[in-house]
1. Between B:Asp350 and B:Asp228, what length in nm is gained on full extension when 0.36 nm per residue of separation is reduced by their alpha carbon distance?
2. Just counting partner chain Cβ atoms within 10 Å, what average do the residues of peptide B:69-81 show around their Cβ?
3. Residues of the range A:64-292: accessible area per residue at 1.4 Å, in Å²?
4. Where in chain B is the longest stretch that carries no chymotrypsin sites (Phe, Trp or Tyr not before Pro) classed as loop by DSSP and with at most 15 other Cβ atoms within 10 Å?
5. log₁₀ I(q)/I(0) of the range B:1-160 at q = 0.09, 0.14, 0.17 Å⁻¹, via Debye over equal Cα point scatterers, no solvent, to two decimals?
6. How much of the accessible area of the range B:245-366, probe 1.4 Å, is carbon plus sulfur, in whole percent?
7. On a C-alpha basis, how far is the centre of the range A:37-84 from the centre of the range A:225-278 in Å? Whole number, if you could?
8. Residue farthest toward the positive end of the dipole of the range B:3-231, with Cβ of Lys/Arg at +1 and Asp/Glu at -1: which of B:Gly37, B:Val100, B:Thr53?
Amino acid sequence: MNEMARLQKRKLALYGWMLAAPALALMSLFAFYPAIATFWHSLFTRGTSRRPSVFAGFENYGDLFADPTFWTVATNNLIYAGVTIPVSIIFALIMALWANAHIPARSFVRSAYFTPTILPMIAAANLWLFFYTPDLGVIDQITGFFGASPTNWLGQPETALASVIIVTIWKEAGFFMIFYLAALQTIPPDLREAARIEGAGRWTYTRRVLLPLLMPTTIFVFVNAMINSVKLIDHLFILTKGGPNNASKLILYWIWEMAFAYFDSPHAAAMTILVLLVLGLVAVAQFRLVEKRTHYR
Amino acid sequence: MTAQMTDTSPFIQINAVSRVFNGGSGVHDLSLDIPRGSFVVLLGPSGCGKSTTLRLIAGLETADQGRIIIDGKDVTNTPPSKRGLSMVFQSYALFPHLSVAENIVFGLKVRKTQKAEIASRLTEALRVTGLEGFEDRKPAQLSGGQRQRVALARAIVAGHPLCLMDEPLSNLDAKLRHAVRKDIRDLQQRLDITVVYVTHDQTEAMSMADIVILMKDGRIEQVGNPADLYLKPATAFAAGFVGSPPMTLLPATALPQDVIPKELDASRLTFGIRPEDLMLSTKPDAQPWGMRATVTGSEFLGAETFVFVAIPGKHGETGDATARLSGRVEISPGTEVSLSWSGAAAHWFDGEDGHRLTVTGPDIAARETTTTIATDTAFSTL
């Protein structure tokens, strides 16, 4: 082999590693290493000054499954994800179709839909705190106008989770709309005209052409919404603090509570590992399964 | 409406239709009759309103004024799907997520056609367009020509009597374009459908059309069969647009006085001559009325050679002309030549509105000539 060519190939490989190095170093330091360290940590008991930490195997995981709070939190999170994900995706899609149509004040509509996303989460949560205030809040003012009695939306177990869910949908739908809007703009208008000539109405066109073409975006948004549903914590700090009686407690808030309120970091670590595991599996399954039925252009 | 009446009346009637967009483009007061079973080409430069006309027929645009009648029915406000037509788009507009077969039967499925009939129509459409074996491919896995055929198959599968085509060949390479041109023409005749075809390519129009409708600025410039357009262009614009290379157009003031017909006013007159009617002589002043010019370049194309010449005008400006000589002619730039033509081959247009002026003088024939170095250049006799 030509010496020059060999040298050039080696150089190219070197460049590749050099380019990947910064990201690799940062990822190792702040993602891979902490994940492994957390896993390792979850295998030990909680150490105190009198009883040092000892290796416990998967005992911490067993404790979690035995804890009724675990099941409450898991169920809460399932309901939370099960409602927020589909509803915010559907809203995002409808808003994107609306904002993509030829309507007056189109850019105003677009930015209006996007506003909740721009607001800091803490600010947004405080805003909603005011909406939900019993008797004085906007919602009770409206329902009160029709004669309903004041409701403590965030303060009673029956409505606390639902109230948090509504805030999340309000916040996320506008964000996901941007992705749908971008995808819609890549679909050539010819397709709509061809479908019209072939006799497809608005609904048929949406179902047979638009939705399948938006499938890659839907997967992307779905995975994001999925991850967000386990990542939610800031709203809870402001709105309910997980209460009352754990009625609105979600996984990440519970982990935070275990680690920093009760200083039980081994159990928090175990829970974190479980979450990572589930999220990873779901993401892989989603991309694998749905990719088969998806057309990427 | 009875069958008899529809047979005698034109298949498509466009009556005084206007569709004006913001900015003034569109079509203005357009009236047009298209006979059943004909291949009609809407020809014109970009922005001339040919695509708008097609979209008005399709129902993708709504007329501001006027009526559109297809097959005896007033369809001015009828949605596209109820007009009994199909369309081939410039981009083909194939659904990228559907296979070839699904693309073709999309409309049949939407219209809830029987399964068995869908299958038999699909087989027929695949056979006619030579797409057998490609049923399960996605559009992205096809070549440009194959995609074009899928678009054609989708257009013919429903058996509509009218097919609209919007520059269907513009995305193909030159060689394929030539073959597909013939295929489309054959298909139209075999299926006995009416085709309205939009193009800016005059070669396509000339080679495919029964009737060419030449448009400019939203109005019809000339309607006729390809020979009419070529031999008797109604306006200077038509003369310059049809034919390749285009007709040479010069202000009559650049010509020697004695070649201008006496009944015409030379001060506002445009002279036109087809490249094949222009004869060159290297002997200056071979004819008493030969026009002097300088060769600026030439293109050898195998069977013929185009020679470009500059004609010095009276006021220092030059007019450009093209001569088409058969075979190989070696002539270097800078050569002084004398131009001549058969008097009958000259076209005269009004210098202001561009309309064709008819000349019927006996003195024309007297100017006939045959002496030329481009010996066997055929005359297109009127």
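The values are calculated or read from the model by the stated rules, or taken from the named source; none is laboratory data. Fair warning: this is a prediction, and the values are worked out from it, not measured in the lab. Cβ: placed from backbone, ideal geometry, glycine included. Neighbour counts: every protein chain shown. The protein model used for the area step is the full one, side chains on, heavy atoms only, and it has no ligands, DNA or RNA in it. Shrake-Rupley method; radii C 1.70, N 1.55, O 1.52, S 1.80 Å.
1. Values: separation 122, 0.36 × 122 = 43.92 nm, distance 1.87 nm.
Stretched out fully, the B:Asp350 to B:Asp228 stretch lengthens by 42.0 nm.
2. Numbers: counts 0, 0, 0, 0, 0, 0, 0, 0, 0, 0, 4, 7, 7.
Mean inter-chain Cβ contacts per residue within 10 Å come to 1.
3. On the way: 11350 Å² over 229 residues.
I get 50 Å² per residue for this part.
4. Numbers: sites that count: B:Phe21, B:Phe379.
Value returned for the longest uninterrupted segment is B:22-378.
5. After summing over all Cα pairs, the log10 values are -0.36, -0.83, -1.08.
6. Details: 3040 of 5640 Å².
Using a 1.4 Å probe with all protein chains present, the range B:245-366 comes out at 54 percent carbon and sulfur.
7. Cα centres, the range A:37-84 to the range A:225-278: 11 Å.
8. B:Val100
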